[in-house]
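Every number in this text was worked out from the coordinates using simple rules, so none of it is lab data. All figures in this text were calculated on a predicted structure; none of them were measured in a lab. Backbone-built Cβ (ideal geometry, glycine too); neighbour counts: all protein chains shown.
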Amino acid sequence: MVRALLGMLLAVLAAVCAAAPPTFAPVTPGRPLVFPADFGAHPDFRTEWWYATGWVQDAAGKPFGFQVTFFRSRTAHDDANPSAFAPKQLIFAHAALSDPAAGHLIHDQRSSRAGFGLAYANTGTTDVKLDDWRMRRLPDGSYEAVVRGAQLSFTLRLAPTQPPLLQGEAGFSKKGPGALDASYYYSEPHLRVTGEVARAGQKPATVTGTAWLDHEWSTQYLGGGAAGWDWTGLNLDDGASLMAFRIRTKDGGTLWSHATLRAAGGRLTQYAGDEVRFTPRRQWTSPRTGATYPVALDLETGDLRWSLLPLQPDQELDSRASTGAVYWEGAVTVARDGKPAGRGYLELTGYTSALKLQ
């Protein structure tokens, strides 16, 4: 009997070892985004995130920047494995509060394999959860973001005031010269924010403001030679929206770039290649990691020139305990022709080491 059981166990192990890793779905042009289904998760793709950033202020007018991001990562684990403990999908979450009174970014992070109702990214509409952190899209189209961390907490409602902004070619966003270097990508700018934020040891502050939400899913986000990216999403005071990014090479050059400007009336203008230029104006070096970031910069989109200034220099987020990355992600103001033009967020990745998306 023991010999028979041992033989069966060896056969099962051999079958598991011989199982082919899953095939990740490719990102290809011509696939239309369909809502509400595309608000939800896309588990056949390697990487996905829901990324909300915004500016809020309390009753006294004090400004805060906030960020909450949920990531879903499909692993190379065999999909045929019936075990509920098999780590087929991983869920990560980052949250941060930028408060000039603190002098640095206050942040928290979590990670877990999906399962048991404790961590998931549901299909059909936005509903991602990691323990008591959650982001979900409500029946009225607004989003509820709940974060309970040791250093910060917030409960925010983000209500759309504009239709989704499809990035790239109707939601197909190229990220490099390779055929598969791309993501499906849409944004929801000018979200109206209400709710509460709190730092550890302080009473919650009732806040209002404006946010930007990005949702992207991909299988090959960064191609060979890419180190990371500079990205910004800006809610402009006149109701327009501007998204711009560049994928950087390991020597600091630009591998790929793109920008989308949607006027308040809905007119789209897209920029690519040399039409999109990021020029550093002020750098800040982290005393913790030694990384140097261009925290103030000029952004050119065609013949338009924008100046981005940080709410505070130290907005570095160390997520080595979850996704493994260290990056700068901060609230910024934007001026055009020397005049205030709006607010948004700037993200700078790959400045400590080349970013790897698994």
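Computed values, structure above
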item: Summed residue charge, Cβ within 10 Å of residue 327's Cβ, Lys/Arg positive, Asp/Glu negative; result: -4
item: Distant-in-sequence amide H partners of residue 207 (H built 1.01 Å from N, under 5 Å); result: 195, 196, 197
item: For the stretch 178-218 and the stretch 111-160, distance of Cα centres in Å; result: 12
item: Least to most buried among 140, 298 (fewest other Cβ within 10 Å first); result: 140, 298
item: Shape box of the stretch 263-334 [Cα atoms, principal axes, largest first, Å]; result: 42, 26, 23
item: Per-residue Cβ neighbour rank within 10 angstrom, fewest leading, 316, 275; result: 275, 316
item: Residue-by-residue Karplus 3J(HN,Hα) for the stretch 94-103, coefficients 6.51, -1.76, 1.60, Hz, glycine and proline x; result: 10, 9, 8, 10, 9, 10, x, 5, 7, x
item: Sequence-distant residues sharing a close amide H with residue 46 (under 5 Å, placed H); result: 25, 218, 219
item: Folded to 0 to 90 degrees: helix 2-18 orientation relative to the chain principal axis, Cα; result: 40
item: Mean Cβ count within 10 Å, highest first, over the residues of peptides 242-251, 65-74; result: 65-74, 242-251
item: Signed unit charges on C-beta, dipole axis of the chain, positive-most listed residue 47, 258, 345; result: 47
item: Among the listed pairs 174/250; 62/175; 250/339; 88/129; 174/339, those beyond 26 Å (Cα-Cα); result: 62/175; 250/339; 174/339
item: Vicinal HN-Hα couplings computed from phi for the stretch 64-74 (Karplus, 6.51 cos²θ - 1.76 cosθ + 1.60; Hz; Gly/Pro x); result: 9, x, 9, 8, 9, 9, 10, 10, 10, 10, 7
item: Cut-off under 5 Å, modelled amide H: who pairs with residue 190 long-range; result: 211
item: 3J(HN,Hα) from dihedral phi, the stretch 117-124, Karplus parametrisation 6.51/-1.76/1.60, rounded to Hz, x for glycine, proline; result: x, 8, 9, 6, 9, 7, 8, x
item: log10 of Debye I(q)/I(0), alpha-carbon scatterers only, for the chain at 0.06, 0.08 Å⁻¹; result: -0.22, -0.39
item: Calculated [θ] (222 nm, deg cm²/dmol) that DSSP helices of n ≥ 4 give over the chain, each run adding -39,500 (n - 2.57); result: -1500 deg cm²/dmol
item: The chain - charge dipole about Cα centre, Lys and Arg +1 at Cβ, Asp and Glu -1, debye rounded to 20; result: 480
